[in-house]
Amino acid sequence: MLLFHPKSYDASRYDEATRRALLAVRTFFETKGHAALKQESHAARWYADFLEMLAREDVFARSARPPASAG
């Protein structure tokens with residue numbers, strides 16, 4: 001829902017670091033803009049900067065790991 005309804009998305013259930021990572025993804029797409037995303041996608045040029053943002057913000061590290069065990 002974040003990418004489809006970013007203004008109404010409620011990330012309050014997540015910790016601060018996860019909220020920051022989600023905001024970074026949202027900001028990336030908003031800053032890039034629809035026209036640039038479309039143009040770069042057709043030219044296959046936007047992928048590198050997206051991967052750099054994901055790495056910088058530890059997006060996969062936050063979303064692809066299991067929750068900490070309680071024991």
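The values are calculated or read from the model by the stated rules, or taken from the named source; none is laboratory data. Note that the coordinates shown come from a computational prediction; the quantities given were computed from them, not determined experimentally. Cβ placement follows ideal geometry from the backbone for every residue including glycine, while neighbour counts extend to all protein chains displayed. Areas reflect the complete protein model, heavy atoms only, side chains present, ligands, DNA and RNA absent. Shrake-Rupley method; radii C 1.70, N 1.55, O 1.52, S 1.80 Å.
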Starting from the range 45-61, take each residue that is within 19 Å of ALA35 (Cβ to Cβ) and list its partners that are exposed (fewer than 12 other Cβ atoms within 10 Å of the Cβ), counting only C-beta distances under 9 angstrom and pairs at least six apart or across chains. TYR47/SER41
Could you please tell me which pairs satisfy a Cβ distance under 7 Å, a separation of 6+ or placement on different chains, a first residue in the range 6-17 that is within 18 Å of THR31 (Cβ to Cβ), and a second residue that is open to solvent by less than 90 Å² (accessible area, probe 1.4 Å)? PRO6/ARG26; TYR9/LEU2
Number of positions in the range 28-47 that are open to solvent by 60 Å² or more (accessible area, probe 1.4 Å) and assigned to a helix (DSSP H, G or I): 9
Filter the range 3-23 down to residues that are in a helix (DSSP H, G or I) and either open to solvent by 100 Å² or more (accessible area, probe 1.4 Å) or touching a helix residue (DSSP H, G or I) at 6+ places or on another chain (Cβ under 6 Å) (or both), then give me how many there are. 4
Filter result for ARG26 (basic (Lys, Arg) and at pLDDT 90 or above): no
Take ARG65 and decide whether it is at pLDDT below 90, more than 14 Å from the chain's Cα centre (by Cα), surrounded by 10 or more Cβ atoms within 10 Å (Cβ to Cβ) and part of a loop (DSSP other than H, G, I, E, B). no
